[in-house]
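Working notes, structure below.
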Amino acid sequence: NNSGSGPVLAAELTTPSLVLRDQRRALSLTGLVGTVRFKANRFRAGLLFSPENIAGRLQATVNHDFNASTGTFSLRTASSFDLSREGGSLANLFTPWQFPFDLDGGRLSVKADGSWAPDEELRLTVFAAVSGGSGFYKQFLFTGLNARQELTVLPRLRSATAGSFYLQQLIGGIDIDNIQAGLTVAPSDKGALPQLHIKDFRASLFN
């Protein structure tokens, strides 16, 4: 529609499947529904969708003011990822999965928020929580993972709040039980990779 203040666009979106692909990997989504609205030079979009091979639901919103050149973005789990043999493992998210770890049990929740404005750096924060997680890292199996971490990713990677880490058992050449620590990510002046600060580390060996 066209109004006295300019064009107005209101649309509803729905598709049973959608594949996002770049040169390295593909992400398959299903059950996408959403709305798009443009009015008075302001754009807003809201989407709900699920990964095709993992039980869970994601919600995304984008807002942008064309007059002020400012905007916000958010992505969060509307229902947590249920990782299991029936619900799928984290490695089912992308094709191909090129990382040395996987979660095949537990629940995963994520939240990301971003914002932009003229003469300001892009800002992005990410929060992730795992409860009852199990899986592997390289040659090690693990069970009973409970972890929380909130990171400021942009403009520079650092912990927004102190994170926590607990692992019931790490299975390898020598099994390690009840691993727990506080984890904080901080910028490093020695390169692009951050420092990882470990506080109150505890673990059990040989009972």
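Observations on the model:
- Kirkwood Rh in Å, taken over all unlike Cα pairs in region 103-175: 13.9
- Set of lysines near LYS199 by C-alpha distance (under 29 Å), chain-local residues within fewer than 8 positions excluded: LYS111, LYS138, LYS190
- Gyration tensor verdict on region 149-207 (Cα atoms; rounded if a/c is under 1.5, prolate if a/b is larger than b/c, oblate otherwise): prolate
- Cβ-defined net charge surrounding PHE73, 12 Å radius [Lys, Arg +1; Asp, Glu -1]: +3
- Counting only heavy atoms of the protein chains and using a 1.4 Å probe, ARG148 has close to 130 Å² of accessible surface.
- The chain: most fluctuating residue of LEU27, LEU167, LEU58 per GNM, C-alpha cutoff 10 Å: LEU27
- For the residues LEU90, LEU141, LEU75, a GNM of the chain with alpha-carbon springs under 10 Å puts the largest fluctuation on LEU141.
- Charge sum, other residues only, whose C-beta stays under 10 Å from ASN92's C-beta, Lys/Arg counted +1 and Asp/Glu -1: -3
- Judged by the mean number of other Cβ atoms found within 10 Å, the most tightly packed of the peptides 132-138, 183-189 leads the ranking 132-138, 183-189.
- With the convex hull drawn around the C-alpha atoms of the chain, the volume per residue stands at 153 Å³.
- Rolling a 1.4 angstrom probe over the protein heavy atoms with all chains in place gives region 1-158 an accessible area of 61 Å² per residue.
- Rounded to the nearest 20, the size of the Cβ-charge dipole of region 92-207 about its Cα centre is 140 debye, with Lys and Arg at +1 and Asp and Glu at -1.
- For region 69-125, the convex hull drawn through the C-alpha positions has a volume of 116 cubic angstrom per residue.
- Formal net charge of residues neighbouring LEU205 (Cβ-Cβ distance under 12 Å; K, R +1; D, E -1): -1
- Reducing region 2-27 and region 105-158 to their Cα centroids gives an inter-centroid distance of 26 Å.
The values are calculated or read from the model by the stated rules, or taken from the named source; none is laboratory data. These numbers were taken from a predicted model, which means no experiment stands behind them. Glycine also receives a Cβ, built like all others from the backbone with ideal geometry; neighbour counts cover every protein chain displayed. Each accessible area value is taken on the protein alone, full model and side chains, heavy atoms only, with ligands, DNA and RNA left out. Shrake-Rupley method; radii C 1.70, N 1.55, O 1.52, S 1.80 Å.
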